[in-house]
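What follows is calculated from the coordinates using simple rules that are stated; it is not laboratory data. Predicted, not measured: the structure shown is a model, and the values here were computed from it. Cβ placement follows ideal geometry from the backbone for every residue including glycine, while neighbour counts extend to all protein chains displayed.
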Amino acid sequence: MSVSQNLLQKYAELIVRTGANVRPGQVVQLTISVEQHDFAALVVEECYKAGAKKVNVEWTFDRQSKLNYLYAQEDTLATVLPWEEEKLRQMVSDLPVRIYIASEDPDAMSGVDPEKLSAVMRRRGAVIKPYRNAIDGKHQWCIAAYPSVKWAKKCFPEASDEEAVDRLWDAILKTVRVREGNDPVAAWKEHTDFIEKKAAWLNAQAFASLRYKSANGTDFTVDLIPGARWEGAGALNPVNQAFYIPNMPTEEIFTSPIAGKCEGTLVAVKPLSWNSQLIEDFSITFKNGRAVSCKAAKGQELLEKMIAMDEGAAMLGEVALVPKESPVNQCGFLFYETLFDENACCHCALGAGFKEVLPGGDDLTVEEAREKGINDSIIHVDFMVGADDLFIDGVRADGSTEPIFRHGTWA
Ligand code: ZN
């Protein structure tokens with residue numbers, strides 16, 4: 001591996017200090033693959049140096065997960081055991097800082113019956129969701145990435161293992177603004193300031209709806225929730241006022257639109273990787289706020305299944321603005337990982353919305369948030385609509401309009 005120890009150290013520090021912003025006395029839960037145990041040790045040590053009371057590591061191992069799906073029964077896999085629920089209860093009372101290091105092989109689950117995979121996800125999701133809701137908006141979290149060989153080879157199949165990992169490292173470090181000799185903390189300050197300025201402008205405009213248009217067939221209008229905020233880059237943990245950055249990298253400014261209030265067609269500009277499978281060249285058409293039809297050159301059945309996962313899966317939970325100059329987009333390849341791919345250009349997400357964009361949203365129950373227009377679902381799947389010629393107009397309640405995006409970037 002050619003990435004220097006110095007860069008790894010800077011990256012681990014950035015994740016813990018700037019990303020998760022671990023505060024003295026906090027419990028940290030680190031989720032990371034067994035393959036990245038050396039980096040796990042760096043992150044754990046950084047957490048303790050930041051004053052963590054205890055760091056727990058949740059090891060993942062995608063080869064084992066696949067074997068479970070191949071050999072164990074659906075019922076067995078779908079059952080959340082009492083000790084697992086006890087752990088979830090503990091999480092609700094500890095409100096740990098959660099750090100997740102993504103490094104999965106995008107094809108980890110290939111060969112597994114997708115029916116079984118989504119059934120297990122759905123059934124486990126239903127049990128886990130109340131616990132997830134209970135910690136939502138009450139804890140700091142950060143997702144960052146570490147390249148595994150399999151993931152790197154998926155992105156660069158023609159390269160040798162070593163070369164592929166080097167290229168993926170290059171791309172990751174570029175997108176998280178870590179370089180030899182630079183101060184990534186200062187770089188992130190500048191980046192988050194820019195995003196917050198844009199978000200503040202959008203909030204001041206108080207647009208009632210957005211209008212999307214591009215030559216590929218995107219022709220779409222979505223209504224926004226009055227008073228809902230545009231957010232980006234960072235978030236504040238209301239429990240201790242710690243400012244944290246949930247995603248590294250992050251380029252987006254997002255909000256949750258009114259569930260069930262959109263019309264028209266969105267055409268995807270990049271393939272979507274869902275449950276280790278690709279959906280390519282697709283479009284989704286909405287009527288009365290619900291996806292009523294979809295067309296995909298590849299993965300049609302998968303896309304239909306996704307939209308039918310539950311009541312909320314056919315409605316939007318997110319609209320996000322990302323200029324085409326995003327460093328993720330500049331990398332010019334598909335990462336097969338939402339953390340990166342959703343930061344390439346403008347996107348929307350089917351499924352769950354974010355109640356925290358509502359004033360006082362953190363304290364609302366899911367039902368209360370739903371009444372105010374925030375979508376609810378066990379899925380949240382982002383798909384990219386940011387064509388290079390995308391126009392987005394903001395429409396105010398009085399009908400006046402304002403350009404937001406022109407030719408795929410800020411107007
Ligand atoms: Zn997003």
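Annotations
- Of the trypsin sites (Lys or Arg not before Pro) in region 115-208, the ones in a loop by DSSP (not H, G, I, E or B) with at most 13 other beta carbons within 10 Å are ARG179.
- For the chain, relative contact order (Cα pairs under 8 Å, six or more residues apart, normalised by length) works out to 14 percent.
- Fraction of antiparallel bridges per DSSP, the chain only, in percent to nearest 5: 75 percent
- Cβ-Cβ FRET estimate between ALA297 and ASP388, R0 fixed at 22 Å, reported to 0.05: 0.65
- In nm, spacing of pseudo-spin labels at ASP281 and LYS138 (7 Å Cα→C-beta vector): 4.9 nm
- Given their separation in residues at 0.36 nm each and the Cα-Cα distance between them, ALA208 and ASN240 gain 8.2 nm when the chain is fully extended.
- Close Lys pairs in region 5-175 (alpha-carbon distance under 20 Å; sequence gap of 8 or more, or different chains): 16.
- Rounded to the nearest 20 debye, the dipole size of the chain about its Cα centre is 580 debye, using +1 on the Cβ of Lys and Arg and -1 on the Cβ of Asp and Glu.
- Considering only PRO96, PRO130, PRO106, the mean-square fluctuation computed in a Gaussian network model of the chain, springs between alpha carbons under 10 angstrom, is largest for PRO130.
- Modelled this way, with points 7 Å down the Cα-to-C-beta line, the labels at LYS305 and GLU158 are 3.2 nm from one another.
- Per-residue ellipticity at 222 nm from helix content only, as computed over the chain with -39500 (n - 2.57) for each DSSP H run of at least four residues, stands at -10000 deg cm²/dmol.
- Distance in nm between pseudo-label sites at ALA397 and GLU45 (7 Å out along the Cβ direction from Cα): 5.6 nm
- Computed E for THR31/ASP183 - FRET, C-beta separation, R0 30 angstrom, nearest 0.05: 0.60
- Rel. contact order, % - alpha carbon contacts under 8 angstrom, at least six apart, region 5-175: 24 percent
- Label zone (ASN56, point 7 Å along Cα-to-C-beta; backbone nitrogen cut-off 13 Å) within region 20-45: 27-31.
- Prolate/oblate/rounded label for region 150-217 (Cα gyration tensor, a/c 1.5): oblate
- For region 5-175, the dipole from Cβ point charges (+1 on Lys and Arg, -1 on Asp and Glu) about the Cα centre works out to 820 debye, to the nearest 20.
- Three-way shape label, the chain, alpha-carbon gyration tensor, a/c 1.5: rounded
- When both region 286-365 and region 167-226 are represented by their alpha-carbon centers, they are found 15 Å apart.
- When the charge dipole of the chain is built from unit charges on Cβ atoms (+1 for Lys and Arg, -1 for Asp and Glu) and taken about the Cα centre, the candidate among PHE194, VAL292, SER214 whose Cα reaches farthest toward its positive end is PHE194.
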